[in-house]
Amino acid sequence: MSPDFAAIQRLRQLAHLALDLDGTIYKGGTLFPFSRPFLEQMRRAGVGCTFLTNNPSKSAADYRANLAKLGIECAPDQIYTSALATIDWLRRERPDLRRLFMLGTPSMAAEFAAAGFTLTADDPKDEPDAVLVGFDLTLTYAKLCRAAWWIKQGKPFIATNPDFVCPTDQPNVLVDCGSICAALEKAAGRAPDRVFGKPDPSMLTGIMARHQLRAEQIGMVGDRIYTDMLMAHRAGAVGVLVLTGEATAADAAAAQPPPHFVMASVGELGERIVAARG
């Protein structure tokens with residue numbers, strides 16, 4: 001089988017796409033011009049789409065509202081965040097961890113509270129069952145110190161995602177969960193006990209179960225090698241790296257294992273899927 005034919009066959013088998021958001025569909029607050037035509041192409045082609053994000057700073061409802069402002073309508077079950085993956089795991093695997101000292105935004109805190117968790121205060125008398133760290137744009141030094149203290153006391157240390165920075169179209173560096181956890185690890189002497197979000201394969205296997213898909217039928221489309229593409233490989237899915245966010249063509253060429261596909265954007269991906277099916 002020739003490489004070109006194998007690639008066409010792999011694209012033809014795709015029945016569902018897990019789509020990263022920031023860096024793939026939009027950057028910061030700017031929708032890429034090819035995103036809406038691509039989504040319409042996939043709708044006409046009968047290829048399902050789920051928006052997948054490691055960014056837990058907004059709730060699923062927030063993401064739907066944000067996408068609607070950008071002109072993209074989606075159903076509630078088309079959004080899956082690292083916060084939701086963390087909630088699912090805590091409910092299933094650690095129902096004993098109900099009281100959480102959280103470094104997270106008010107939106108993330110509200111999502112956990114709505115799921116039945118109790119969020120403890122920055123008070124040594126208000127003892128949590130675990131420390132939960134997310135992408136906290138409201139982080140204060142006092143709460144960072146309190147989190148380090150609880151971790152040093154042996155509390156389970158859980159992170160929603162491993163990302164070091166969050167993509168932005170502004171002249172700034174957005175310090176993400178992975179960087180906050182690195183500071184806590186140095187201060188408390190312990191790495192997180194569990195890190196959710198990409199590249200944890202549960203972010204994809206859940207979508208496979210929901211839609212009764214085999215691994216080769218789902219494509220993970222994103223702009224990061226160490227999260228998006230690594231998760232695709234771990235889940236046995238098809239990894240499609242787009243060059244509209246963090247990773248460059250040079251990064252893609254050096255990646256081990258390499259992405260299954262490297263494309264300029266989701267616009268190119270849409271054209272190639274349609275061509276493969278045609």
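The values are calculated or read from the model by the stated rules, or taken from the named source; none is laboratory data. Quantities reported herein were computed from a predicted structural model and do not represent experimental measurements. Cβ coordinates were reconstructed from backbone atoms using ideal geometry, including for glycine residues, and neighbour counts include every protein chain displayed.
Observations, loosely collected:
- Total residues in the range 16-37 satisfying the condition of being among the hydrophobic types (A, V, I, L, M, F, W, C) and more than 20 Å from the chain's Cα centre (by Cα): the figure is 1.
- Restricted to the range 173-219, and to residues there that are among the β-branched types (Val, Ile, Thr) and in contact (Cβ under 8 Å) with a residue 12 or more places away in the chain, the residue that is surrounded by the most Cβ atoms within 10 Å (Cβ to Cβ) is 218.
- Taking residues in the range 64-85 that are in a helix (DSSP H, G or I), and partners anywhere that are hydrophobic (A, V, I, L, M, F, W, C) and surrounded by fewer than 21 Cβ atoms within 10 Å (Cβ to Cβ), the pairs with Cβ atoms closer than 7 Å and at least 6 places apart or on different chains are 64/74; 67/74; 76/60; 78/49; 84/60.
- Selection over the range 148-163 of residues that are buried (at least 17 other Cβ atoms within 10 Å of the Cβ) and either small (Gly, Ala, Ser) or farther than 19 Å from residue 99 by Cα (or both) gives a count of 5.
- Residue within the range 246-269 that is assigned by TED's automatic domain parsing to the domain that holds residue 16, closer than 20 Å to residue 54 by Cα, at pLDDT below 95 and not aliphatic (A, V, I, L, M) present: yes
- Of all positions in the range 100-116, at least one carries a residue that is out of contact with any Pro (no Cβ under 9 Å at 6 or more places or on another chain), in a strand (DSSP E or B) and either aromatic (Phe, Trp, Tyr) or modelled with pLDDT of 95 or more (or both).
- Residue 23 in contact (Cβ under 8 Å) with a residue 40 or more places away in the chain and farther than 18 Å from residue 268 by Cβ: no
- So residue 12, is it surrounded by fewer than 20 Cβ atoms within 10 Å (Cβ to Cβ), modelled with pLDDT of 90 or more and in contact with a helix residue (DSSP H, G or I) (Cβ under 6 Å, 6 or more places away or on another chain): yes
Rundown of residues vs (1) surrounded by fewer than 13 Cβ atoms within 10 Å (Cβ to Cβ); (2) more than 29 Å from residue 165 (Cα to Cα); (3) among the hydroxyl-bearing types (Ser, Thr, Tyr), yes/no style:
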site	(1), (2), (3)
40	yes, yes, no
43	yes, yes, no
64	no, no, no
73	yes, no, no
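- Residues of the range 124-147 satisfying the condition of being surrounded by fewer than 20 Cβ atoms within 10 Å (Cβ to Cβ) and either polar (S, T, N, Q) or under 15 Å from residue 177 (Cβ atoms) (or both): 137, 138, 139, 140, 143, 144
Conditions (1) assigned to a loop (DSSP other than H, G, I, E, B); (2) within 20 Å of the chain's Cα centre (by Cα); (3) over 17 Å from residue 82 (Cα atoms), marked per residue:
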{"residue": "142", "(1), (2), (3)": "no, no, yes"}
{"residue": "148", "(1), (2), (3)": "no, no, yes"}
{"residue": "192", "(1), (2), (3)": "yes, yes, no"}
{"residue": "200", "(1), (2), (3)": "yes, yes, no"}
{"residue": "204", "(1), (2), (3)": "no, yes, no"}
{"residue": "219", "(1), (2), (3)": "no, yes, yes"}
